[in-house]
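Enquirer: Structure in structure tokens, see below.
The values are calculated or read from the model by the stated rules, or taken from the named source; none is laboratory data. Here the structure is a predicted model, which is why all the values come from computation and not from measurement. Using ideal geometry, Cβ is built from the backbone for each residue, glycine included, and neighbour counts are taken over all protein chains shown. We work out accessible area using only protein heavy atoms, side chains counted, and drop any ligands, DNA or RNA first. Shrake-Rupley method; radii C 1.70, N 1.55, O 1.52, S 1.80 Å.
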Amino acid sequence: MHEPLTYFSPAKLNLFLAITGRRSDGFHDLVSVVAKLKWGDTLTIAPAETDALECDDPAVPVDASNLVLKAAAVFREATGWRGAAKFVLQKRIPMGAGLGGGSSNGAIALRALNDLAGRPLDDAALVPLAAKLGSDCAAFLTAGPVVMRGRGERIEALPEASAARLSGRRVLVFKPSFGISTPWAYQQMAARAPDSYCPEEEAQLRLQRWIESDAAAEALLYNNMESVAFEKFIALPTMLEELRGECGLAPRMSGSGSACFAFLPEGADASAIAQRLKDGWGGEAVVIDSRLE
Ligand code: C5P
């Protein structure tokens, strides 16, 4: 009998997210800097007769729509592997948050399957499989912060000196009780075209300027999906304004939301900020004091 193999499945933040336009396939092109958190889910895998997924959160679908089980189908198709796997997912990353929980689980499941099958594929060969699962998945197969381009599937490691300005930074992540649907947010972007988009040249220039500077992580923060989310979900800009004015933070939304985040100084007491978030958003708000990988 094999012992189950255990994997960490991190949450991500989009520190920089410029949606640059709509493509003919209906997806959007983007330029983004994605950093993984030291906080996330845990996924275990063990050989089984047929694929199965168990999850400790009853709100998570455990049928074929889950990216973990889709990963098994994609992996089998690509490699001809005849095995099957039982997955157990310990869920911490909330859904509809823009924290990439489902994408992370799918990408990590691919790595786990590859290990279970005796590594028929190298890491580079897993990337196109991850892209088949979802636009954000490939980012989880490269260590450290990455630049994401195309619809998200084109991944490049951030230059070392820039990555060093992000690595280990303390960050507070907070999400109200409601989530935001990613397809909805992209539809809203398309409905407000072209004003909602950041021209690609401008996005590249902004990012390049930060990479070539020695500016801190705070100077990188950008997200042009905030406007559509903030227009409908007033609780977001209201709270971010409060954190900016009264706590001196520089908060941003991650991805299509609804989770937001702010870098924290090392010695800062997060409990007062967490209290303020719970006062404003209610007790169901999620507040995580973590660090970038
Ligand atoms: O690829 P994923 O399943 O994560 O995308 C969810 C939805 O978000 C897509 O169906 C599409 O509507 C939208 N999307 C997009 N452009 C991207 C990524 C996602 O329009 N680059």
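Enquirer: Would you be able to say whether some residue in segment 151-166 is within 30 Å of residue 278 (Cβ to Cβ) and either away from the ligand (no atom under 16 Å from the Cβ) or crowded, with 20+ Cβ neighbours inside 10 Å (or both)?
Expert: So in segment 151-166, the residues within 30 Å of residue 278 (Cβ to Cβ) come out as 166.
Imposing the further condition that a residue be either away from the ligand (no atom under 16 Å from the Cβ) or crowded, with 20+ Cβ neighbours inside 10 Å (or both) reduces the set to 166.
Yes, segment 151-166 contains a residue that is within 30 Å of residue 278 (Cβ to Cβ) and either away from the ligand (no atom under 16 Å from the Cβ) or crowded, with 20+ Cβ neighbours inside 10 Å (or both).
Enquirer: Inspect segment 192-201 for any residue being without any contact (Cβ under 8 Å) to a residue 24 or more places away in the chain, open to solvent by less than 70 Å² (accessible area, probe 1.4 Å) and not β-branched (Val, Ile, Thr) and give the result as yes or no.
Expert: no
Enquirer: List, please: which pairs have Cβ atoms under 6 Å, are six or more places apart or on different chains, and start with a residue in segment 44-73 that is at pLDDT 95 or above and end with one that is exposed (fewer than 14 other Cβ atoms within 10 Å of the Cβ) and among the β-branched types (Val, Ile, Thr)?
Expert: So the pair list comes out as 44/6.
Enquirer: Every residue in segment 121-139 that is within 16 Å of the ligand (Cβ to nearest atom) and open to solvent by less than 10 Å² (accessible area, probe 1.4 Å), please.
Expert: 130, 137, 138, 139
Enquirer: State whether the residues of segment 17-34 include one that is away from the ligand (no atom under 16 Å from the Cβ) and hydrophobic (A, V, I, L, M, F, W, C).
Expert: Scanning segment 17-34 turns up no residue that is away from the ligand (no atom under 16 Å from the Cβ) and hydrophobic (A, V, I, L, M, F, W, C).
Enquirer: While we're on this one: Is it the case that residue 118 is at pLDDT 95 or above, within 15 Å of the ligand (Cβ to nearest atom), part of a loop (DSSP other than H, G, I, E, B) and not hydroxyl-bearing (Ser, Thr, Tyr)?
Expert: no
Enquirer: Exactly one condition in (1) in contact with a Gly (Cβ under 8 Å, 6 or more places away or on another chain); (2) under 19 Å from residue 146 (Cβ atoms); (3) among the hydrophobic types (A, V, I, L, M, F, W, C) is false for residue 211; which is it?
Expert: Residue 211 satisfies every listed condition except (1).
Enquirer: Name the helices (runs of 4 or more DSSP H) wholly within segment 210-293 that hold at least 2 residues that are modelled with pLDDT of 95 or more, under 28 Å from residue 195 (Cα atoms) and open to solvent by 50 Å² or more (accessible area, probe 1.4 Å)?
Expert: Because the criterion is at least 2 residues that are modelled with pLDDT of 95 or more, under 28 Å from residue 195 (Cα atoms) and open to solvent by 50 Å² or more (accessible area, probe 1.4 Å), the helices (runs of 4 or more DSSP H) in segment 210-293 that meet it are 226-232, 235-247.
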